[in-house]
Amino acid sequence: MRFTAVHTAGAVLATLAALLTSPATAHAADPGDTVTLPVRDALAALSVQDEDRTGYERTKFRHWIDADRDGCSTRAEVLLAEAVTAPEQGAGCQLTGGSWYSTYDDTYFTAARSLDIDHLVPLAEAWDSGASAWTPKEREAYANDLGDDRALIAVSAASNRSKSDQDPATWQPPAAGYRCTYATDWVAIKTRWQLSIDPAEQAALTSILDSCPNSPVDVTLAP
């Protein structure tokens, strides 16, 4: 039976609410709230569902908009925010110079064109996990999420295209030292957007995080 985002969101919020209203951490978990959980508890709180890609098209997630109308698209905003050495910003938010670090493959770049802006949890994966039932505006908000630094990251074009729309069950960053952060951030973004995980994804994340620090994650639930 196909699930909907409403069911998934309800399950995630109910589980989070149960965890967060315990005597030790008594407060509600509602959209817009910030929650803090050990990453393994956050993983356990995610709803587990089979995925369904029926009807997915990338164009259903409008992305690289200029939300604040400052002349810079979401792509440019991420490049500016993540630059190791700040680039020069020209007309139309054209970026020249600068340098960036791609965490996926532990590599530095000095040309913005060598970088892709990756949706840490890919658009297709979000669709599979509940976004198929969202409104176009909700999908646009997801695709341009500048409200959480983990959602969009500048990485090498080669590593991003190798990853494509895969989840941690079938793809891990080539830079092994980044994998704990990657898994933790994946859980954080799934929590933020109240997306489900499938059984293989759950098993992969559990295996990775079992060998990582059980670090706390702070997540502001998407409104």
Roughly how many Å² is the accessible area per residue of the chain, as a whole number, for a 1.4 Å probe?
47 Å²
With a Förster radius of 41 Å, plug the Cβ-Cβ distance of residue 215 and residue 94 into 1/(1 + (r/R0)^6) and report the FRET value to the nearest 0.05.
0.60
What figure, in Å² to the nearest 10, do you get for the accessible area of residue 109 with a 1.4 Å probe and non-protein molecules left out?
40 Å²
Specify which residue in the list 197, 212, 44 is farthest towards the positive end of the charge dipole of the chain, using unit charges on the beta carbon of Lys, Arg (+1) and Asp, Glu (-1), about the Cα centre.
197
Using only helices, what value at 222 nm comes out for the chain when you add -39,500 (n - 2.57) per DSSP H run of length 4 or more and divide by the total residues, to the nearest 500 deg cm²/dmol?
-10000 deg cm²/dmol
Considering only protein heavy atoms, with the full assembly of protein chains and a 1.4 angstrom probe, order 208, 197 by accessible area, largest first.
208, 197
If I take R0 = 30 Å and measure r between the Cβ atoms of residue 86 and residue 200 in this structure, what FRET efficiency does the formula 1/(1 + (r/R0)^6) give, to the nearest 0.05?
0.15
Point-to-point label distance, residue 180-residue 161, nm (Cα→Cβ direction, 7 Å offset):
3.3 nm
Any chance you could look up the accessible area of residue 163 with a 1.4 Å probe, heavy atoms only, rounded to 10 Å²?
0 Å²
State the Cα centre-to-centre distance between the range 39-110 and the range 126-161 in whole Å.
8 Å
If you put +1 on each Lys and Arg Cβ and -1 on each Asp and Glu Cβ, how big is the dipole of the range 53-101 around its Cα centre, in Debye rounded to 20?
380 debye
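Which whole DSSP H helices in the chain pass both tests: a Cα extent of 18 Å or more along the axis and a mean Kyte-Doolittle value no lower than 0.5?
Both cut-offs are met by 5-20.
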Simple Cβ-charge dipole of the chain, Lys/Arg +1 and Asp/Glu -1, about Cα centre, in debye nearest 20:
240 debye
Would you kindly work out the equivalent ellipsoid of the range 73-223 from its C-alpha gyration tensor and give its semi-axes, the square roots of five times the eigenvalues, largest first in whole Å?
26, 19, 13
Over the range 93-223, what is the relative contact order in percent, taking alpha-carbon pairs closer than 8 angstrom and at least six residues apart?
27 percent
Select from 79, 97, 107 the residue farthest towards the positive end of the dipole of the range 66-107; place +1 on Cβ of Lys and Arg, -1 on Cβ of Asp and Glu, and compute about the Cα centre.
97
Could you tell me whether the range 158-220 comes out rounded, prolate or oblate from its Cα gyration tensor? Rule is a ≥ b ≥ c as square roots of the eigenvalues, rounded for a/c under 1.5, then prolate if a/b exceeds b/c, otherwise oblate.
rounded
Accessible carbon and sulfur surface of the chain relative to its total accessible area, %, 1.4 Å:
52 percent
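The values are calculated or read from the model by the stated rules, or taken from the named source; none is laboratory data. Keep in mind that what you see is a predicted model, and the values were worked out from it rather than measured. Backbone-built Cβ (ideal geometry, glycine too); neighbour counts: all protein chains shown. Each accessible area value is taken on the protein alone, full model and side chains, heavy atoms only, with ligands, DNA and RNA left out. Shrake-Rupley method; radii C 1.70, N 1.55, O 1.52, S 1.80 Å.
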